[in-house]
Amino acid sequence: MKKIINISSLSVVASAIALSLIFTGCGDTDPENKGNHLPDVNIVQNNKTINVGTKVDLTSTALDVDGDALTYEWKFVSKPTGSSATLTTTTTKQASFTADKAGEYVVQFVAKDVVDAVGKDTVTITAKEAGTISNTCTSYTEIAGKTYSTDTTLDGCYKVTNTLYVSSNALLTIKAGSVLLFEDGAELKIESTGALSAKGTAIAPILFSATQKTAGYWDGIYFSSSNNIKNELDNIVIEYAGKSNNGALTLYSDSRIKVSNSVFKYSGNHGFSFDSASVVDKFENITSTKNKLTAGYLYPSNLGAIDSNSKFTGNTKNDVITLKGGSVSKDTTWHKLTVPVYINGTVYVNNETTLTINAGAVFKGGDGAELHIEDDGSLTAKGTEKEPILFSAMQETAGYWDGIYFSSSNNNKNELDYVVIKYAGKSNRGALTLYSNSRIKISNSTFSDSKQHGFSFDNASSIDKFENITSTKNTLTAGYLYPSAMGIITSDSDFTGNIQKDVLTLKGGSVTKNATWDKLTVPVYINGTVYVNNEATLTINAGAIFKGGDGAQLHIEDDGSLTAKGTGNEPILFSAMQETVGYWDGIYFSSSNNVKNKLEHIIVEYAGSHNNGALTLYSTSRVNVSNSTFRNNDKYGISVDSNSNINSDYITSNTFTNNGSGTTH
């Protein structure tokens, strides 16, 4: 931009010259706009070599010495062939992208002033496959099979033609930068009380590879009964292993290890395999990729050692961590990983152990698999709105796995928040099932695509919280529960969209303490006789809908009480699952001489299969009923025995239509 200066004195000229000298070097002059400087631009980037899959954060500086406002633009000059990488933003000083292919990413940052004077800088980011090592060995020392029974150090380049054994308390130390190439079927086996210390560095990792670069060409590194705290692997690469072992790295029978900053790839089986008796003290910043089966195979005792910084994508058969059935035997936390955890069997949490699952974790149940919390073990699974915890299935079919099951887990640590359970209910009654005196808090969660009900709570279970729940697309109903838990179900939940019956199934049982039943998004299917007794008061809110099953009944007895007060716009409806006269029994009061018994703006229909009335008072019961409707019932609308009391205007203050035996008895 041209500057027009009205020079009125030599001092002004001198000042201009001085300013020109000051700004010299702060940005080249734009030849098309004399006196205007190009923006001074610089990309600040320290790490220019990364692994594929890494997010790259780009930062720049931009200065315009003329004080002009600047606009910014980031763009790729070039990317590796086949890359779909995109910049997260293009108009600020910061940007980022994720390298999805190996090769060079050339990125340019441009700053323009108001007259389009341009400053530019570029940076080249090189992405390589994790574990890529330049093998500089030109000759190798051959080891034709050996047993190390005393402490030994290997440092250099080796070709191993047969299995190496480490035993008898011996420590095999492998130095940073060493390379060991193994022949067909060879193995490095640490057994008994032997130990292996292979600690490379980021600059000089240790390479365990094969003389032929074929997945599963050699067996790998195998620990058997090596419960030795000296076992440690750091900055190593194991590739082309897993010929007969479960993993490129395999722990068997109470072996112990620490592993960090390491890579397992091109295994003929899993990347790593830890059996149920092994102990993994550390497993951090691991990459397991391009293996024929999965990233890893382990038991519940060791899943908690897997950290969220590890990368397990890019495996061939299933891009998962395989979790075999077994027990969580101590308090542990399962983290969000880069792949789902495939639950292959039943995982038990018991013996007062607490399993904590972090936000964003994903699990996929295998055929008939189950997460089973029992004997005062507990599960705390708390996701967030943006990162829920997902329990799905390896095959997205209703009832493919069993789901989450609580049995005798009366533990106040049981909590599910922002949890999704899908495709469960193979043999359990619900995707989430509580049985035998279990206890839980649930909020902001979803149960869908169950082969049976969305959730199932037995009569002895305690639900301390049940808020903002969605239960939909389940083969039977949204949920199956008993009266003891019905009062905790709140109106903010959504139970629509289920297949066989779009209802909440309420089994017969007793309300033994004060409870309120809310208006829900679906009717409540009363499947049996529901008793209100023990001086408990059941309150039913306006708009609630109930549908009685064959012979079902709402029975208030022994000074229990029912307060059901609808409104003119939102009456409370007591109907039937099948709209047939006399399909269910209706509402029955027996020995309930309680002044809290009040019915207002209710509708009772299709009742009277065994009782004399859709509403029946028997044996010194007391009820006040008004502004209500009794219609399409088998016998009478209301039946009152000689020992019971009802408001004197009950005939005139209510409506009776199409009842088989008449208005009242």
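Annotations
- From the list 201, 150, the lone residue that is surrounded by fewer than 19 Cβ atoms within 10 Å (Cβ to Cβ) and under 42 Å from the mean Cα position of the chain (by Cα) is 201.
- Leading residue by the ranking (modelled with the highest pLDDT) among those in region 26-65 that are over 11 Å from residue 118 (Cα atoms) and among the acidic types (Asp, Glu): 57
- Enumeration of residues in region 49-66 that are among the small types (Gly, Ala, Ser) and part of a loop (DSSP other than H, G, I, E, B): 53
For every residue, the table says whether it meets (1) over 28 Å from residue 398 (Cβ atoms); (2) not in a loop (DSSP other than H, G, I, E, B).
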residue: 465; (1), (2): no, yes
residue: 477; (1), (2): no, no
residue: 488; (1), (2): no, no
residue: 498; (1), (2): no, no
residue: 501; (1), (2): no, no
residue: 516; (1), (2): yes, yes
residue: 542; (1), (2): yes, no
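- Here 664, 652, 657, 616 are screened, and the one residue that is under 54 Å from the mean Cα position of the chain (by Cα), among the polar types (S, T, N, Q) and over 17 Å from residue 557 (Cβ atoms) is 657.
- Residue within region 280-287 that is among the hydroxyl-bearing types (Ser, Thr, Tyr), assigned to a strand (DSSP E or B) and assigned by TED's automatic domain parsing to the domain that holds residue 248 present: yes
- Qualifying residues in region 245-301 (those that are on the phi > 0 side of the Ramachandran plot and among the polar types (S, T, N, Q)) - the one surrounded by the most Cβ atoms within 10 Å (Cβ to Cβ): 261
- Residue that is assigned by TED's automatic domain parsing to the domain that holds residue 247 and out of contact with any Asp or Glu (no Cβ under 7 Å at 6 or more places or on another chain), where the choices are 169, 135: 169
- Neighbours by Cβ (under 6 Å, 6+ apart or cross-chain): first from region 607-634, at positive phi; second charged (D, E, K, R): 608/634; 608/635; 627/600; 632/605
- The single condition among (1) buried (at least 18 other Cβ atoms within 10 Å of the Cβ); (2) over 41 Å from the mean Cα position of the chain (by Cα) that residue 179 does not meet is (2).
- So residue 607, is it under 46 Å from the mean Cα position of the chain (by Cα), aliphatic (A, V, I, L, M) and part of a loop (DSSP other than H, G, I, E, B): yes
- Test: residue in region 426-433 that is surrounded by fewer than 24 Cβ atoms within 10 Å (Cβ to Cβ), out of contact with any strand residue (DSSP E or B) (no Cβ under 7 Å at 6 or more places or on another chain) and assigned by TED's automatic domain parsing to the domain that holds residue 404: yes
The values are calculated or read from the model by the stated rules, or taken from the named source; none is laboratory data. What you see is a predicted model, and the numbers here were worked out from it, not measured in a lab. Note that each Cβ is placed from the backbone with ideal geometry, even for glycine, and that neighbours are counted across all protein chains shown.
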